[in-house]
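This report concerns only the one structure given below.
Just so it is clear, none of the values below were taken in a lab; they were calculated from the coordinates. All of these numbers come straight from a predicted model, not from anything done at the bench. In this analysis, Cβ positions are derived from the backbone assuming ideal geometry, glycine residues included, and neighbour counts consider all displayed protein chains.
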Amino acid sequence: MYSANMSQLELFDAPQQDASNAAGFYLSGLLISPPQLANIFELSIDAFYAALYAYMSEMPINGEISRFVEKVGKADDRAAAARLAFDRGDADVLTVLGAARKVQVEIHRMTGFLRFSPDAQGLYTARCEPDYFILPALAEHFTLRFGETPWAIIDEKRRLCLCRHKDGEVRLAPVSATPAATAENGAAAETGCPVERLWRLYHRSVSNEGRKNPRLQRQFMPERYHKYLCEL
């Protein structure tokens, strides 16, 4: 169980400490030990998130990330840590920053591309298949966006769900263990949902056919996202 104001580090670390949480099995292989991350966070927030996002990329670069963490962690002060964290002449740093950048782009896209539909119980559900494991990074944005309204984001690729319940807690769990699982074939997936019809109407009303540019649209909104965009 995670409170809405938990940091991404805590959201990652909590399942690992709870052996009964099936999501912990999936997450455990992604984590640097908390002391290392805490040390980096104190020296450089940017380095902290670079390492964390690089792990979230799920790329086979654990060695590069570990060396990146070790180098930055040995810095004498914040200025030295910043220099080490952004020394692109270092192969490990270049690899970590490149992976982190890809994850950041995916996170940014998902904050705009996710489409939520309500079920009969008032749970707003969105589905996606992100290239990288980004669910924990979406918690703060959508908690602020929805306020007290319960919501769920389902990662179909990994069958994990980030869900904010009515009690205000944000939980990361397998889809089968969340309320969102009941909407697998329910109202949230219906193309006739009133919210989706309203969104499609809005999309048509603001669209300028004279400036339609499919090639540019695909550049900013890759086709892999189209499956879950009800207006397309």
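Take every Cα pair under 8 Å in the range 103-148 that's 6+ residues apart, average their separations, divide by the length, and report that relative contact order as a whole percent.
37
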What FRET efficiency comes out for F220 versus D46 if R0 is 22 angstrom and r is the Cβ-Cβ distance? Round to the nearest 0.05.
0.30
State the extension gain, in nm to one decimal, for the chain segment bounded by D77 and S207, taking 0.36 nm per residue of separation less the distance between their alpha-carbons.
41.6 nm
Listed by chain and number, the lysines with an alpha carbon less than 24 angstrom from that of K227, same-chain partners under 8 positions apart left out, are K102, K157, K212
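Full extension from H141 to F86: what is 0.36 nm times the residue separation minus their Cα-Cα distance, to one decimal in nm?
Additional length available on full extension: 17.1 nm.
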Which distance in nm do the two modelled labels at R159 and A120 give, with both placed 7 Å along the Cα-to-Cβ direction?
2.6
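Only Cα pairs under 8 Å and at least 6 apart count here; give the relative contact order of the range 32-110 as a rounded whole percent.
On the way: 88 pairs, mean separation 28.6, N = 79.
That works out to 36 percent.
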